[in-house]
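Asker: Got a structure for you, written out below as structure tokens; questions coming shortly.
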Amino acid sequence: MQLGYVYKLKPSPQQKATMVEWLDMLLAQYNYLLRDRNDSYEQARSPKLGNYCDLRSYGEACPLTCSVSKSSSVGYPWKKSHKNPRRNAYEIQSSTLPVLKKQRPWYKKIHSTVLQQMLRQLDTAFTKFFKGEAKYPRPKRRSRYRSFKYSPGQVKLDSDSGEPTLRDQIYLPGIGWMGFYNSRPIPDGFTMKSVTVRRKSRGWFVSIQIEDKSVPLSPVKTVNEIRPGRVKGCDLGIKKLVSTSDGETIVNPANTNKFKRQARRLKLRQRAASRKKKGSNNRQKLFGKVASLHENISNKRSAYHWQVAKELTDGTDALIFEDLNIRGMKSRCKPKPNENGGYDPNGQSAKKGLNRVISDAAWGELIKKVEVVAAKSGIPVIKVNPRHTSQQCPKCHYISADNRSGEKFVCTECGYHDDADINGGVNIRNKGLKQLGIDPTQLPWP
């Protein structure tokens, strides 16, 4: 079993300066190596270059001036072994670290495993791109590069030191012992697998991934173990965050007065910060308050999602969700050119507000948390096609856009009526049961 714990650190001013310096150097090296991989890929694959390495200088392509690897041009591409002599992109760029420390001695301050993990981060970004799981890696800005990572077995906690004076202390190699808020102790038997130090608006935090191989996860329930009456269909919405097929509704916190006040406060702080002179200390302070409020809202939303995930998994054998294309739902409207060479209104200004409330609901993050909580109990989470789930009558199966009017569902064929969101949850549940091979007619009709 693997778990993730997050603690807030209490670094000294000298330790803060060291970590900020590390982030700046890691950012520069990350962007440099990213540029190297981009240039090497263009040299090896781009048809525009032809027989040249660079169109600007018209340098001819030859083994002496071009990379023998399509992934990287810095580093040594060959291993000493004869079985598989060619190195991959990570190994080629990793071979440049000793040279980097000789040419730029200030990089010796960074722990070696932190530099290697930075290369792993870049290699993982390209791996996800080639698998189709992410976009092509882009250079990072200073505001977006805010963390560094240690390898397993590098970081020590106070329990590992055996010294009573180091109570609630964590040892980060290259930085030293540092206090932290021990909000919840690590369970016995778990070992640290990876440690990530992250800078946020409210300070420095450490994320610790722990693992205990002797504690297995609960096996996922099979079709024979799933009782149809304990299957929930969940319809995600804006006014109601979740509506289940059991008739339960969960409030969207973004619609409460408390979150509306925070959104209003955030708007006022952003407006005040934008008026300040660029580069001034006052502008930096106000944008620090904006970032702090953003983090506060994000933390409250995340805590509420964990609570919702616990409520949905209690007393459930399976959960059914719609397979929503959230990115497509928030895409821009297509422009409408007119005969005069201009553009007619396409409704983008109105859709802007819809995109904002969809982002505030954070359906994707909610489903991820539900999957994590459900995996601990062996509850399967199934996604079905959302087509016609809000327009179909679950009683007579008649499909029509006229069946739904706002928050009400009234079948124009048989007269069945219900709340539109709960009706959507029933249709989602029935689709999920069919996908599991269970007949939905086994359930008693309400």
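The values are calculated or read from the model by the stated rules, or taken from the named source; none is laboratory data. What you see is a predicted model, and the numbers here were worked out from it, not measured in a lab. Virtual Cβ from ideal backbone geometry, glycine too; neighbours counted across all protein chains shown. The protein model used for the area step is the full one, side chains on, heavy atoms only, and it has no ligands, DNA or RNA in it. Shrake-Rupley method; radii C 1.70, N 1.55, O 1.52, S 1.80 Å.
Asker: Hey, could you pull the Cα Rg and Dmax for the range 255-386, both in Å?
Answerer: Computed over the Cα atoms of the range 255-386, radius of gyration and Dmax are 20.1, 62 Å.
Asker: Here is a further query. Explain nothing, just compute: Karplus ³J(HN,Hα) = 6.51 cos²θ - 1.76 cosθ + 1.60, θ = phi - 60°, for every residue of the range 188-200 in order, whole Hz, x for Gly and Pro.
Answerer: 5, x, 8, 10, 6, 9, 8, 10, 10, 9, 10, 9, 10
Asker: Determine ³J(HN,Hα), in whole Hz, for all residues of the range 371-388 in sequence, where each value follows from phi through the Karplus function 6.51 cos²θ - 1.76 cosθ + 1.60 and θ = phi - 60°; x replaces Gly and Pro.
Answerer: Going residue by residue, I get 5, 5, 5, 5, 5, 5, 9, x, 8, x, 10, 10, 10, 10, 5, x, 5, 6 Hz, with x marking Gly and Pro.
Asker: Kindly rank 401-411, 134-144 from highest to lowest mean number of other beta carbons found within 10 Å of each residue. Write out the running numbers ahead of the final one.
Answerer: Working: 401-411: 14.6, 134-144: 11.5.
My ranking of the peptides, most packed first, is 401-411, 134-144.
Asker: Also, I was wondering about something else. For residue 134, what residues show an amide H to amide H distance below 5 Å, using hydrogens built from the backbone and excluding near sequence neighbours?
Answerer: 129
Asker: Need one value: the accessible area of residue 39 in square angstrom, 1.4 angstrom probe, rounded to the nearest 10.
Answerer: 60 Å²
Asker: Provide the per-residue ³J(HN,Hα) series for the range 269-281, in order, calculated from phi with Karplus coefficients 6.51, -1.76, 1.60 and θ = phi - 60°, each as a whole number of Hz, with x at glycine and proline positions.
Answerer: Couplings: 5, 5, 5, 5, 5, 5, 7, 6, 5, 5, x, 7, 5 Hz.
Asker: For the pair residue 116 and residue 352, what calculated FRET efficiency results from E = 1/(1 + (r/R0)^6), where r is the Cβ-Cβ distance and R0 = 45 Å, to the nearest 0.05? List each step's numbers first, then the result.
Answerer: Working: r = 43 Å, r/R0 = 0.96.
Computed FRET efficiency for residue 352 and residue 116: 0.55.
Asker: What does the helix-only formula give at 222 nm for the chain: each DSSP H stretch with n ≥ 4 adding -39500 (n - 2.57), the total divided by the residues, and the result rounded to the nearest 500 deg cm²/dmol?
Answerer: Working: 11 runs with 172 residues, N = 446.
Computed ellipticity for the chain at 222 nm equals -12500 deg cm²/dmol.
Asker: Also, quick follow-up: Amide H to amide H under 5 Å from residue 180: which residues, 5+ apart in sequence or cross-chain, H placed 1.01 Å off N in plane?
Answerer: For residue 180, the qualifying residues are 10, 170.
Asker: I want the local charge near residue 385. Using Cβ-Cβ distances under 9 Å, sum +1 for each Lys or Arg and -1 for each Asp or Glu among the other residues. List each step's numbers first, then the result.
Answerer: Values: positive: 383, 387, 431; negative: 322, 323.
Computed value for this residue: +1.
Asker: Please list 316-327, 412-423 highest first by mean number of surrounding beta-carbon atoms within 10 Å per residue.
Answerer: Most protected by this proxy first, the peptides run 316-327, 412-423.
Asker: For the pair residue 239 and residue 272, how long in nm is the line joining their label points, each one 7 Å along Cα→Cβ?
Answerer: Label at residue 239, label at residue 272, 3.5 nm between them.
Asker: Also: Stretch residue 31-residue 332 to full length: gain in nm at 0.36 nm per residue minus the Cα-Cα span?
Answerer: Values: separation 301, 0.36 × 301 = 108.36 nm, distance 3.00 nm.
Net length gain for the segment: 105.4 nm.
Asker: Further, regarding this structure: Residues with amide H under 5 Å of residue 383's amide H, sequence separation 5 or more or different chain, H placed in the peptide plane at 1.01 Å from N; which?
Answerer: Correct list: 321.
Asker: Follow-up question, since we're still on this one. In nm, what is the difference between 0.36 nm times the number of residues separating residue 306 and residue 138 and their Cα-Cα distance?
Answerer: Working: separation 168, 0.36 × 168 = 60.48 nm, distance 3.16 nm.
Additional length available on full extension: 57.3 nm.
Asker: Mean 1/r over all different Cα pairs, inverted: what Kirkwood radius does the chain give, in Å? Display every interim value, and only then the final one.
Answerer: Numbers: mean 1/r = 0.0374 Å⁻¹.
Roughly 26.8 Å, rounded to one decimal.
Asker: Which distance in Å, rounded to a whole number, links the C-alpha centroids of the range 301-317 and the range 409-440?
Answerer: Spelled out, the Cα-based centre of one part sits 23 Å from the other.
Asker: Moving on. Using a Förster distance of 60 angstrom, determine the FRET efficiency expected from the C-beta separation of residue 314 and residue 102, and round it to 0.05.
Answerer: 0.50
Asker: While we're on this one: For the residue pair residue 223 and residue 12, what label-to-label distance in nm results when each label sits 7 Å from Cα along the Cα-to-beta-carbon direction?
Answerer: With each label placed 7 Å out from Cα toward Cβ, I get 6.4 nm.
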